[in-house]
Amino acid sequence: MNPAVSIRSATPDDRAFVLALASRLVDGFDAPSHRTKPELIEGDRRALEGWFDNPSKPGEAMLIAELDGTPAGCAYLVTLIDYFNERAHSHLSVLAVSAEAEGKGVGSALLDRSVAWAKERHSDRLTLSALVTNARARALYERKGFGGEYIRYVLPLQNR
């Protein structure tokens with residue numbers, strides 16, 4: 001039986017835990033051919049550090065999932081402007097679960113709370129991005145009702 005997952009807002013004391021999760025965001029799948037795992041980790045770490053450096057920024061939230069009182073995952077939510085209709089919407093920028101909590105419903109609980117966060121802000125949608133090589137994350141998102149909207153193609157120009 002899985003322990004109960006609880007979700008709360010992050011505090012400054014969560015900084016080390018959250019930053020340590022950045023490396024989990026690239027576990028279990030290959031990086032796209034034009035990226036390196038360290039580059040991906042550093043980008044996510046930079047975004048997460050930015051939240052802790054300015055945690056009261058309007059339109060953003062950092063959520064912490066706990067299993068029996070122990071931090072087990074995080075979700076970093078931001079507000080973006082839609083490219084097509086120019087309206088604000090909610091975006092799940094980072095979703096990470098510790099290795100020990102994997103498969104225990106933490107990711108699902110964080111997604112559910114992220115949807116609630118978006119609804120509380122009267123957002124008409126919640127978006128997220130997933131690397132095409134991360135089949136496990138994409139499967140979770142699709143089980144939760146997310147669908148693809150467009151694919152971002154990249155042409156590396158270094159050797160052209």
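The values are calculated or read from the model by the stated rules, or taken from the named source; none is laboratory data. In this text, all values refer to a predicted model and were calculated from it rather than measured experimentally. No Cβ is skipped: glycine too gets one built from the backbone with ideal geometry, and neighbour counts run over all protein chains shown. Heavy atoms of the whole protein, side chains included, go into the accessibility calculation; ligands, DNA and RNA do not. Shrake-Rupley method; radii C 1.70, N 1.55, O 1.52, S 1.80 Å.
Quick notes on this structure:
- Criterion violated by Ser93 - all others in (1) within 24 Å of Tyr150 (Cβ to Cβ); (2) surrounded by fewer than 18 Cβ atoms within 10 Å (Cβ to Cβ) satisfied: (2)
- Restricting the first member to region 48-77 and to residues that are without any contact (Cβ under 8 Å) to a residue 24 or more places away in the chain and open to solvent by less than 50 Å² (accessible area, probe 1.4 Å), and the second to residues that are part of a helix (DSSP H, G or I) and not acidic (Asp, Glu), the beta-carbon pairs closer than 7 Å and six or more apart or on different chains are Glu60/Trp51.
- Note on region 28-42: residues that are out of contact with any helix residue (DSSP H, G or I) (no Cβ under 7 Å at 6 or more places or on another chain) and either surrounded by 14 or more Cβ atoms within 10 Å (Cβ to Cβ) or polar (S, T, N, Q) (or both) total 4.
- Any hit, region 1-23, residues being over 13 Å from the mean Cα position of the chain (by Cα), modelled with pLDDT under 95 and open to solvent by less than 50 Å² (accessible area, probe 1.4 Å): yes
- Annotation: Ala116 fulfils all but one of (1) of a type outside the set (D, E, K, R); (2) surrounded by fewer than 15 Cβ atoms within 10 Å (Cβ to Cβ); (3) part of a loop (DSSP other than H, G, I, E, B); the unmet one is (3).
- Among the residues of region 24-74, those identified as of a type in the set (Ser, Thr, Tyr) and either under 24 Å from Ser90 (Cα atoms) or modelled with pLDDT of 95 or more (or both) are Ser56, Thr70.
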